[in-house]
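Enquirer: I have a structure here, written as structure tokens, and I will follow up with some questions on it.
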Amino acid sequence: MIAVYTNYMENTMKNNRQHTQILENLLRRRKQATDSNAARDVKILEAQLEEAKYEPTTAFTGMPRVKRKGRLALDIDFLRNTFDIVNDILVCAKTGRDATWKGNSSTFVTIDNTIYQAHRIVYAINTGRDIIEYDIRKKDKDFFNYAFSNLEIDEIPHVKA
């Protein structure tokens with residue numbers, strides 16, 4: 001049953017909401033089942049459901065909202081527990097999936113409905129410091145390259161808009 005559904009999902013599912021509803025229905029049915037494969041199927045379906053519900057713009061919650069010098073501060077411990085950096089890509093520590101989304105002029109991460117620039121988070125994770133007074137710029141001027149090796153502190157103080 002699971003293998004048939006997995007093949008169907010990989011080949012034909014495009015609508016994530018429909019996909020999630022099907023997984024929830026299957027999970028509910030398998031939790032009620034008493035056959036020998038039910039427990040194994042439940043674990044598989046729970047993992048697939050969690051994967052289907054993952055959305056980088058809403059997945060991350062729990063960072064305290066504290067302002068310092070007019071700018072939202074980053075909680076380094078929260079960031080290090082929530083994100084990993086794999087091959088210069090900021091990923092969700094729990095799922096290993098990309099934690100960012102691209103805007104018109106930069107790459108962003110949303111935490112508790114607040115948008116942060118990915119390069120600021122990468123800098124904070126790598127150095128253990130949240131740079132409040134200055135901006136962090138990209139050496140190669142590529143707004144989407146937020147690799148730590150491409151970041152440097154801008155000497156011009158950050159001005160609150």
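The values are calculated or read from the model by the stated rules, or taken from the named source; none is laboratory data. This structure is a prediction, so every number in the text was calculated from the model and none was measured. Here the Cβ is made from the backbone with ideal geometry for all residues, glycine too, and neighbour counts use every protein chain on show.
Enquirer: Counting only residues that are part of a strand (DSSP E or B) and of a type in the set (Phe, Trp, Tyr), which one in the stretch 84-133 is surrounded by the fewest Cβ atoms within 10 Å (Cβ to Cβ)?
Expert: 101
Enquirer: Which ones in the stretch 127-159 are basic (Lys, Arg) and in contact (Cβ under 8 Å) with a residue 40 or more places away in the chain?
Expert: Narrowing the stretch 127-159 to residues basic (Lys, Arg): 129, 137-139, 141.
The answer is 129, and nothing else.
Enquirer: In addition: Quick test of your reading of the structure: residue 73 fulfils all but one of (1) in contact with a His (Cβ under 9 Å, 6 or more places away or on another chain); (2) surrounded by 13 or more Cβ atoms within 10 Å (Cβ to Cβ); (3) over 30 Å from residue 47 (Cα atoms). Name the failing condition by number.
Expert: Failed condition: (1).
Enquirer: Could you look through the stretch 26-61, keep only residues that are aliphatic (A, V, I, L, M) and modelled with pLDDT of 75 or more, and pick out the one that is surrounded by the most Cβ atoms within 10 Å (Cβ to Cβ)?
Expert: If we take residues in the stretch 26-61 being aliphatic (A, V, I, L, M) and modelled with pLDDT of 75 or more, then 45 is surrounded by the most Cβ atoms within 10 Å (Cβ to Cβ).
Enquirer: Now, a different point. Tell me, yes or no, whether the stretch 109-124 has at least one residue that is under 21 Å from the mean Cα position of the chain (by Cα) and charged (D, E, K, R).
Expert: Within the stretch 109-124, the first condition is being under 21 Å from the mean Cα position of the chain (by Cα), and the residues that meet it are 109-124.
Imposing the further condition that a residue be charged (D, E, K, R) reduces the set to 112, 120.
Looking through the stretch 109-124, at least one residue is under 21 Å from the mean Cα position of the chain (by Cα) and charged (D, E, K, R).
Enquirer: Oh, and also: If I filter the stretch 134-161 down to residues being of a type in the set (D, E, K, R) and part of a loop (DSSP other than H, G, I, E, B), which single residue comes out as nearest to the chain's Cα centre (by Cα)?
Expert: For the stretch 134-161, the residue satisfying everything is 142.
Enquirer: What are the pairs with Cβ atoms under 7 angstrom where one residue, in the stretch 60-79, is in contact (Cβ under 8 Å) with a residue 24 or more places away in the chain and the other, located anywhere, is hydroxyl-bearing (Ser, Thr, Tyr) and surrounded by 11 or more Cβ atoms within 10 Å (Cβ to Cβ)? Sequence gap at least six, or different chains.
Expert: From the stretch 60-79, the pairs are 60/82; 60/110; 72/114.
Enquirer: May I pose another question? Against the condition at pLDDT below 85 and outside any loop (DSSP other than H, G, I, E, B), how does residue 14 come out, does it pass?
Expert: Answer is no for this residue.
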